[in-house]
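The structure appears right after this line, and notes come after that.
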Amino acid sequence: MKKILLFSAVLAFGIAAEAESKDLPPYKDASLPVETRIEDLLSRMTLDEKIAQLSQYSLGSNDNVNNNGEMAKVLPPEIGSLLYTADDAVSRNVMQRRAMEETRLGIPIIFGYDTIHGFRTIYPIPLAQGASWNPELAGEACRVAAQESEDAGIDWTFSPMVDIARDPRWGRIAEGYGEDPYLTSAFSAASVRAYQGEDLSMPGSIAACLKHYVGYGASEAGRDYVFTEISRQTLWDTYLPPFEAGVKAGAATLMSSFNDISGTPGSANHYTLTEVLKDKWQHEGFVVSDWYSVHQLINQGMAPDEATAVEYAINAGLDMDMVDNLFIPHLKNLVDEGRVPMERIDDAVRRILRVKFMLGLFENPYTEEKPESERILLPGSLEVAKELAVESMVLLKNEDVLPLKPGQEIALIGPMAKSCRDLLGSWCGRGRAEDAVSIFDGLSVAVDTPVRYAAGCDFEGSDMSGFEEAVKVASESDVVVLCLGEKYSWSGENASRSNIALPGIQENLLKAVKKAGKPVVVLLASGRPLDLTRIAPEADAVLEIWQPGIMGGPAVAEILTGKANPSGRLSVTFPYTTGQIPIYYNQRNPARGSSQGRYQDIPSTPMYEFGYGLSYTDYEYGEIELSSDSLTADSRITARITVKNIGDMDGKETVQWYIRDPYSTVTRPVKELRHFEKRLIPAGGSCTFEFEIDPMRDLSFVDCKGDRILEPGDYYVIVKDRKVRITLK
Ligand code: NOJ
């Protein structure tokens with residue numbers, strides 16, 4: 001990288017003379033290479049102008065309560081970035097015009113926003129997307145989000161969130177793709193590619209931001225913003241892979257995390273920000289802090305004052321300060337005092353300018369102000385949102401109740417049945433409840449038979465006065481669809497819960513409607529795995545619908561009526577009870593086998609494991625066939641398995657390939673997902689799925705320095721209950 005910059009600087013010098021003769025400073029000449037333009041611009045900037053580029057303020061109101069209290073009062077047009085919270089591009093254009101026309105150098109502002117699972121067309125939360133096992137489809141949804149965001153004046157989304165989370169008490173488990181590094185990496189890369197397109201400067205592309213770098217999901221006991229204990233080996237093994245995958249896919253930016261990583265907070269961590277990200281992975285974009293996370297170095301007991309917090313953060317490798325407003329007051333003095341080297345400032349400025357040039361902001365700083373009808377909730381966008389919702393729903397139990405039979409009269413009961421806002425989940429961009437189709441509305445248009453509604457109770461509390469009506473409605477119908485779940489505010493940021501069971505009133509409603517003697521289908525809308533010990537045994541069928549977004553109602557209707565065959569598989573384990581947490585599939589072996597060391601009062605297996613999910617059809621798996629049962633580090637072998645759809649409905653099946661490394665110098669999990677593929681198998685048809693095993697990629701592991709190690713010996717290739725041995729020579 002340094003070589004490129006040195007070369008560019010020399011090149012810039014030569015070209016500068018030529019370009020200036022045409023009165024066009026080289027940095028404004030789009031025909032020149034980006035690195036040349038960066039060097040030219042940097043050479044013209046004062047220290048104050050550089051520091052302004054490293055600062056992000058906010059414009060508009062941020063409706064996340066955790067971010068309140070930090071509205072930019074005075075917006076200097078030299079500012080590098082704005083966190084932009086408007087529905088359209090009008091204020092952006094006003095502000096951008098000031099940056100372009102009222103400042104000495106005319107450097108465009110980059111406008112960022114939390115488009116997490118949609119801007120206005122809200123699609124399922126990331127945890128649900130993970131359960132689709134369909135990163136390409138999630139990518140299509142990201143394309144929709146990018147287009148709507150861009151049309152509203154946004155250049156940069158603070159997404160994808162690729163934190164591995166294994167504690168469902170943590171509210172932010174909703175925002176990531178689940179517990180597995182491999183699956184999350186696939187979604188990380190797919191969403192980065194989709195947001196950014198092939199060329200960041202093309203219409204419909206916005207910059208992605210991998211967050212929260214790194215280890216935020218390891219929050220102790222699921223509490224938010226707290227300490228995380230992460231050994232270097234676990235950092236490399238579990239938390240870094242999705243970031244590495246996103247960086248390799250070209251992510252322009254990352255966001256440093258709030259958490260204290262074993263003694264060094266994410267926003268002041270030289271190892272992760274510089275040694276890993278910039279040196280080892282050669283990332284050339286920039287890192288923005290999380291909201292106020294530089295200031296929080298004081299709360300975390302690292303920096304005694306604001307200036308020191310800035311010093312630690314920037315010297316560690318942080319490039320942009322999100323709304324702390326600390327860089328402008330402190331950074332100049334720190335440079336003057338020799339506490340922050342000028343090279344570090346220049347490096348950070350270069351990185352930010354690079355992303356701005358790549359986005360084409362110097363050439364196209366403004367956004368066309370289109371009417372809403374041309375830019376949001378477009379028919380194709382709604383279709384993608386519905387497809388993704390359908391594919392993310394997981395059928396957890398089905399005792400011959402689903403799909404509903406034609407002509408069945410339905411009792412639709414429960415606090416979730418008519419709720420629209422709760423279908424959207426947390427961090428739902430500019431999404432509005434009135435855009436969403438409720439379960440009631442979705443189902444009512446999908447069936448010809450009566451849909452009888454009763455709320456039964458609220459999400460929580462002790463008011464059981466609606467139970468009687470609910471039981472009456474159930475008695476008058478052939479089948480009960482009971483809509484339970486979490487309010488949208490129960491998950492997301494700063495929404496930890498000590499208990500992941502639903503409030504007792506909802507469990508009691510289930511018991512009450514059971515008395516009507518009709519089959520009961522429980523729909524669960526949630527932003528986390530739930531404790532279902534008192535729900536699953538009572539229900540005849542259970543469908544996890546997550547927080548499915550604005551097309552949740554129609555998606556539910558398609559699955560209930562059998563128009564769509566459920567194909568979601570859990571991307572996160574559902575514990576048997578809260579007390580089992582943390583429980584995840586890729587644990588290490590315990591020291592003692594047999595039954596020792598297990599809980600004495602509850603089962604030691606989860607309620608539903610990672611990868612689990614039912615379908616309306618049955619699949620018959622053949623045996624795993626190998627092109628060879630031995631290989632060397634440089635060779636490849638292919639494993640194949642044929643899956644037959646032996647039912648009478650077409651279905652999408654995901655074949656999950658796991659590897660087990662029984663003995664190695666750093667112990668390995670009992671099994672690890674290494675490959676997956678989801679394909680449509682027509683009723684009566686079959687498909688052969690393949691996994692080409694590349695030893696370095698699929699059989700190796702990382703040590704505590706992030707170096708890959710490949711050890712000869714036996715490994716197992718596992719698909720469902722099939723297991724074959726291969727030998728690495
Ligand atoms: C805080 C959150 O942790 C982060 O995910 C989000 O992107 C920023 N606030 C900006 O809103």
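Points worth noting:
- Over region 380-490, the ratio between the Cα radius of gyration and 2.2 N^0.38 Å evaluates to 1.14.
- Available extension along the chain between Met649 and Ile298 is 120.5 nm, counting 0.36 nm per residue and deducting the alpha carbon span.
- For the set Lys678, Lys278, solvent exposure ranked by accessible area (probe 1.4 Å, protein chains only) runs largest to smallest as Lys678, Lys278.
- Taking 0.36 nm per residue of sequence separation and removing the Cα-Cα distance, the Ser43/Leu680 pair yields an extension gain of 223.7 nm.
- Average accessible surface area per residue within region 587-711, 1.4 Å rolling probe, Å²: 53
- Most simply put, the chain has about 50% antiparallel DSSP beta bridges, counting only bridges with both residues inside it.
- Partner lysines whose Cα lies under 22 Å from the Cα of Lys248, excluding those fewer than 8 positions away in the same chain, are identified as Lys2, Lys3, Lys211, Lys278, Lys280, Lys356, Lys705.
- Using C-alpha pairs under 8 Å with a sequence gap of at least 6, the mean separation divided by the residue count of region 619-728 gives a relative contact order of 31 percent.
- Glu374-Ala221 pseudo-label distance in nm [points 7 Å out on the Cα-to-Cβ vector]: 5.5
- Peptides 397-406, 628-637 ordered by average Cβ neighbours within 10 Å, highest first: 397-406, 628-637
- Heavy-atom surface analysis with a 1.4 Å probe gives the chain a carbon and sulfur content of 49 percent of its accessible area.
- Listed peptides 104-112, 137-145, 384-392 by packing density, highest first (mean Cβ within 10 Å): 384-392, 137-145, 104-112
- Cβ-derived FRET efficiency at R0 41 Å, Leu105 paired with Glu620, nearest 0.05: 0.05
- Amide N proximity, region 512-553 versus Val445 label position 7 Å along Cα-to-Cβ, cut-off under 15 Å: 550-553
- Cross-link reach list, lysines versus Lys678, counting only Cα pairs under 17 Å and skipping chain neighbours closer than eight places: Lys644, Lys652, Lys720
- Accessible area per residue, Å², region 347-475 with all protein chains present, probe 1.4 Å: 41
- Using alpha-carbon coordinates, inclination of helix 306-316 to the longest axis of the chain, degrees: 80
- Treating r as the C-beta distance of Lys563 and Asp199 and R0 as 45 Å, the FRET efficiency rounds to 0.75.
- Amide N proximity, region 688-714 versus Lys280 label position 7 Å along Cα-to-Cβ, cut-off under 12 Å: 702-709
- Relative contact order of the chain, taken over Cα pairs closer than 8 Å and 6 or more residues apart, is 13 percent.
- Over the chain: helical MRE at 222 nm, DSSP H runs n ≥ 4 each giving -39500 (n - 2.57), nearest 500: -8000 deg cm²/dmol
- Reach of Lys487 by Cα under 18 Å, taken over aspartates and glutamates that are not fewer than 8 positions away in the same chain: Asp63, Glu175, Asp422, Glu434, Asp435, Asp458, Glu460, Asp463, Glu507, Asp531, Glu544
- Separation of region 323-390 from region 454-499 is 41 Å, based on Cα centroids.
- Between 0 and 90°, nearest 10: helix 504-514 axis offset from the chain longest Cα axis: 30
- Remark: the Arg660-Asp694 segment gains 10.8 nm on full extension, using 0.36 nm per residue and subtracting the alpha carbon distance.
- Sorting 647-658, 475-486, 709-720 by their mean Cβ neighbour count within 10 Å, with the most densely packed peptide first, gives 475-486, 647-658, 709-720.
- C-alpha long axis of helix 379-392 to longest principal axis of the chain, angle in °: 60
The values are calculated or read from the model by the stated rules, or taken from the named source; none is laboratory data. Keep in mind it's a predicted model, so treat the numbers as computed, not measured. Note that we place each Cβ from the backbone using ideal geometry, even for glycine, and neighbour counts take in every protein chain shown. Surface accessibility is based on the protein's heavy atoms, side chains included, excluding ligands, DNA and RNA. Shrake-Rupley method; radii C 1.70, N 1.55, O 1.52, S 1.80 Å.
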